[in-house]
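Taken together, the values in this text are just the output of simple stated rules run on the coordinates, not laboratory data. What you are looking at is a predicted structure, and each value in this text was computed from that prediction instead of being measured. Neighbour counts run over all protein chains shown; Cβ positions are idealised from the backbone, glycine included.
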Amino acid sequence: MSASETKHAGLNLGGTDAKTHAEAEHAIFGFWIFLMSDAVIFALLFATYGVMLPATAGGPTPTSVFKIGPTFAETLLLLTSSLTYGMASVAMKHGSPLGGIHRWLAVTLLLGLIFLAFEWHDFSDMFAQGAYPTRSGFLSAFFGLVPLHGLHVIAGIVWILVMMVQLRVFGLDARVKINLLRLGLFWHFLDIVWIAIFSTVYLPGLLP
Amino acid sequence: MTDPVWPMLLGRFTWDSLPFVRAWHNPTTNELIAAAAGGIVVVSGIAVLVLITVLRRWRWLWTEWLTSLDHKKIGILYIVIALVMLARALVEANLMRLQQAVAVGNPGFVAPEHFAELFSTHGSIMIFFMAMPFLTGLINYLVPLQIGARDVAFPVLNAISLWLTAAGAALMMASLVIGRFSTGGWSGYPPFTEIGFNPGVGPDYWIWAVTLGSLASTMTGINIAVTIYKMRCPGMKLMRMPLFTWTSLCTAILMIFAMPPLTVATALLALDRYLGFHFFTNALGGNMMHYANLFWMFGHPEVYIVILPAFGIYSEVVSTFSSKELYGYKSLVIATMAIAVLSFTVWLHHFFTMGQSASINAAFGIATMAIGVPTGVKIYNWIWTMFRGEVRFTTPMIYALAFMMTFVLGGLTGIILAFPPLDYIVHNTLFLVAHFHNMLIPGTLYGLLAAYTFWFPKVFGYRLDERWGRISCLCWIVGFYLAFMPLYVLGASGMARRTQAVMETAYRPWLYMAEAGALILLCAFAALIVQLWVSIRRRGANDVFVGDPWDGRALEWSVSAPPPEFNFARLPHVDQAHWFYDAKRKYAPYAPPIAYHDIWMLRNSAVAPVIGIASGAATFGLVWHMWWLAIFGLIVIFAAVVARSFVRDTHRVIPASEVARIDESWREATARAQPVPREIETSPANQGLALVRS
């Protein structure tokens, strides 16, 4: 076994930090499995949304409440934040000065916050049109699915904050590195879920 | 009495929430039973606290058990929870049987609402807080030992799983003392459990207790799967793993995929109840049939989550007590995996009568029958393993034999139920109740009890009393047949399940018979307690410190009983499936390692107890609408997780000299011990060293 062997899916630390690379093997594999079971939760909520879509109970319909502009902006924001997190990961792997990692994490954090602000604005717009979760089965399913993704983004943002503090306190020790790898997987996973939301909730909802 | 008391602080608590107050105002047998049950919980809880204080065992309990991250101690604690909950659910089963036996043509002594609470708690406890913790405890204890590891992959997560399970069990117990439990059965079907029909705390107790158990099991599944995939000792290829480890792996995979649907089902029901969503309500587009789908997407794989580990246990037991290699190991592994996959394709057979088209029912009926094939393969494997073996009828072996007979019988009634047209006829009758008890009692409970008897000497260092073990085993078998065979007859004659009072007098003799069976099952549990008591008193005579009382095959038998904290002084290197069994016959398995090394183990951590207690408090707050408590609990959980991520001093070292001291004292004991032949392995002559003839 060479030190640069790929030990888990995703960014590996092989070649730059052999010791942490070995430790990361089961830690990152375990996190992949966690994401898999989280993905099952989202899959079921997508299925629920599909089942409940016609149950508008005489209330607002997808076409009447969804807007393409802001959701497209949200998509771009989240995808860009994945890119900036990727930059942070690469900086971490190749031992850049801590300032560089900090800056990329801060940009990611900022993009995440702007995304949440947009999403909050969407929801309050829907509320203003009488589209709140207690109105119909369709809206219950919508507000069961999309805000859960939002909650995940909030969790990711808190996690980024904790990691920024840990970077200051501990520097790049093995646990900080492994947790940055995990956080990366989590953040990219949220992207994938959002793409699914954008293309199965918003886009078909806007078709006439 | 029905006004809320300090609603800001105590939410919707009223004095009437206490069963003692209700019994005081309305002293019927029904209320007195509820008050007595609550009283038993309070008194035994206080008794335990007093006992620990009097014996000055608090510090010991905290450092040795509650904060320990040792997978073996966590495993034992799981099983303690399971046994306590088994006692309660068994008493509830007896109350229900007694009520039905008495209530032929009259209302009996348990009121309808109370009866509904009884079958709801009985089912919820037996699945989530008896079967699940019991098998999780066994997996926790055994898998790292069987694959030659020092611990599971994520020990802190493991402790958190334990404490979440404990919090769920505590919530079940709290429902006996404060408020009432759900009346919606173990599956909690809406719209009956929605706020419109059930505004009380009952369904909320069910939702949160089950959710805690579900989250705990998801994390256990992740932990065990990673442990088995990544922590095996050198040479332990997948196809060299003991069968119990294989079935644990399949169970872990099922947990990862099947627990999230349960979490989703309970979470959406909670959104309906707390925030007025319309997922499963009658009005405004709710769809209660969607709940049935979500619940049984968990519920059917769950059947295999609780049965597969038992298959693994039987494989170990049958092969050990036949002194033969497991027949068709590879086919057993394939059959286990096949069952794991097929278990996701049959969930709809739980609601054939819901109104989907006949073709859909037919597809799921065929899938259901198909799942019988790999199960049948296994039965043949075990029979062929015994063939021409040196079979000894020890307690675990009797459980295994009773399982094979009884389980096949239950499987046959399962085939009947898999035909949608036949299912229409016996749907919702006692026939179904008889069927699933016929699967789960031999398929899970017997297996767990066989494992308890089989591995007890490994865990505690002395054998269990064989005579009381057999008495208990016999009672479990006879009691099962008496209690459940009549239910087939009753079900086929049309008696609905969950019936509080019976109008048809022709049912009476069958109900009497079932009640007699339930009493024998209670005796079986009592015999189990007596066995434990007798065994503890005679532990000196039954000592098996050397650690191999049954001439075992897998690696857990190659270390002392109980195993040292670090499991293996030196991690084993294996070159075949039955390395230890073979080593006993060919080399010197007890030869000391060439050198001892320092071993790094995790320090204790209070993070899991803190998270467990906080999540218990938070969910209790949610049940009673004590919002301050719910918020406080959630903040504590969050703070504990973040605080733990800042702890860097997580390990301590066991110096090589200490490892050597522990290991050498055990090796001296093996050298002193008299090897025991198989014929007298259940006598005090058994010191844990197997006599090898080859």
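Details
- Dipole orientation for chain B: of the candidates B:C233, B:P203, B:V143, B:C233 has the Cα lying most toward the positive pole (charges on Cβ; Lys, Arg +1; Asp, Glu -1).
- Theoretical ellipticity at 222 nm over chain B - DSSP helices of four or more residues, -39500 (n - 2.57) apiece, nearest 500: -21500 deg cm²/dmol
- Judged by the mean number of other Cβ atoms found within 10 Å, the most tightly packed of the peptides B:309-321, B:599-611 leads the ranking B:309-321, B:599-611.
- Degrees between helix B:202-230 axis and first principal axis of chain B (Cα, 0 to 90, nearest 10): 20 degrees
- Furthest towards positive pole of dipole, B:F277, B:Y481, B:I253, structure part chain B, Cβ charges: B:I253
- Measuring r between the beta carbons of B:Y587 and A:Q129 and using R0 = 56 Å, the FRET efficiency lands at 0.10.
- Compared with the direct C-alpha span, the chain from B:V80 to B:Y189 gains 36.2 nm at full extension, assuming 0.36 nm per residue.
- Separation between Cα centres of region B:616-694 and region B:508-555, rounded to whole Å: 23 Å
- Rounded to the nearest 10 degrees, the angle from helix B:358-370 to the longest Cα principal axis of chain B is 30 degrees.
- Amide N of region B:649-682 lying under 18 Å from the label point, which is placed 7 angstrom from the Cα of B:E390 along Cα→Cβ: B:674-682
- Charge dipole magnitude, Cβ of K and R +1, D and E -1 - region A:42-206, Cα centre, debye nearest 20: 460 debye
- When the Cα convex hull of region B:445-543 is projected onto planes of every orientation, the mean area is 7.1 nm².
- Proximal aspartates and glutamates relative to A:K67, as straight alpha-carbon distance under 19 Å, when same-chain residues fewer than 8 apart are discounted: A:E119, A:D122, A:D125
- Theoretical gain in end-to-end length, B:M239 to B:S359 [0.36 nm per residue, Cα-Cα removed]: 39.3 nm
- Per-residue HN-Hα couplings for region B:300-306 [Karplus 6.51, -1.76, 1.60; θ = phi - 60°; Hz; x = Gly/Pro]: 6, x, 4, 4, 7, 4, 7
- For q = 0.14, 0.20, 0.22 Å⁻¹, Debye-computed log10 I/I(0) when each Cα of region B:618-675 counts as one equal scatterer: -0.62, -0.82, -0.88
- Within region B:156-226, the percentage of alpha carbon pairs spaced more than 18 angstrom apart rounds to 45%.
- Once the Cα-Cα distance is subtracted from the 0.36 nm per residue extended length, the B:D16 to B:I46 segment shows a gain of 8.5 nm.
- Chain A - mean residue ellipticity at 222 nm from DSSP helices (-39,500 (n - 2.57) per run, n ≥ 4, rounded to 500): -26500 deg cm²/dmol
- Nearest-0.05 FRET efficiency for B:D3 and A:M164, computed from C-beta distance (R0 51 Å): 0.50
- Cα-based shape type of region B:31-105, given that a ≥ b ≥ c are square roots of the gyration tensor eigenvalues and the cut on a/c is 1.5: oblate
- Taking the Cα centre of chain B as origin and assigning +1 to Lys and Arg Cβ atoms and -1 to Asp and Glu Cβ atoms, the resulting dipole is close to 1360 debye.
- Cα lying deepest toward the dipole's positive end in region A:42-206, options A:M52, A:A117, A:L181, charges on Cβ: A:L181
- Considering only the protein assembly as shown, percent of DSSP beta bridges that pair antiparallel, nearest 5: 75 percent
- Counted charge near B:F244, where neighbours are those whose Cβ lies closer than 11 Å (Asp, Glu -1; Lys, Arg +1): -1
- Cα Rg, Dmax (largest Cα-Cα span) when computed across region A:108-208, Å: 16.7, 55
- Label-to-label distance for B:A656 and A:L113 is 5.4 nm, based on points extended 7 Å past Cα in the beta-carbon direction.
- Ranked by how many other beta carbons lie within 10 Å on average, peptides B:23-29, A:77-83, B:52-58, A:149-155 from highest: A:77-83, A:149-155, B:23-29, B:52-58
- Distances between placed amide hydrogens fall under 5 Å for B:Y462 paired with B:V544, all partners being 5 or more residues away or on another chain.
- One compactness figure for the protein assembly as shown is 0.97, namely its Cα radius of gyration divided by 2.2 N^0.38 Å.
- Above-threshold pairs, the threshold being 28 Å between Cα atoms, out of B:K72/B:K230; A:K7/B:K586; B:K73/B:K586; A:K7/B:K324; A:K7/B:K378; B:K237/B:K586: A:K7/B:K586; B:K73/B:K586; A:K7/B:K324; A:K7/B:K378
- B:R537 versus B:S331: modelled label distance in nm, points set 7 Å from Cα along the beta carbon direction: 4.8 nm
- Counting every alpha-carbon pair across region B:308-411, the share separated by more than 25 Å comes to 30%.
- Remark: mean inter-chain Cβ contacts per residue of B:273-280 equal 5, using a 10 Å Cβ-Cβ cutoff to other protein chain atoms.
- In this simple spin-label model, placing a label point 7 Å from the Cα along the Cα-to-Cβ direction at both B:L55 and A:I68 gives a separation of 7.2 nm.
- Volume per residue of the convex hull around the Cα atoms, evaluated for region A:42-206, comes out as 99 Å³.
- Cα-only radius of gyration and Dmax that characterise chain B, units Å: 25.4, 78
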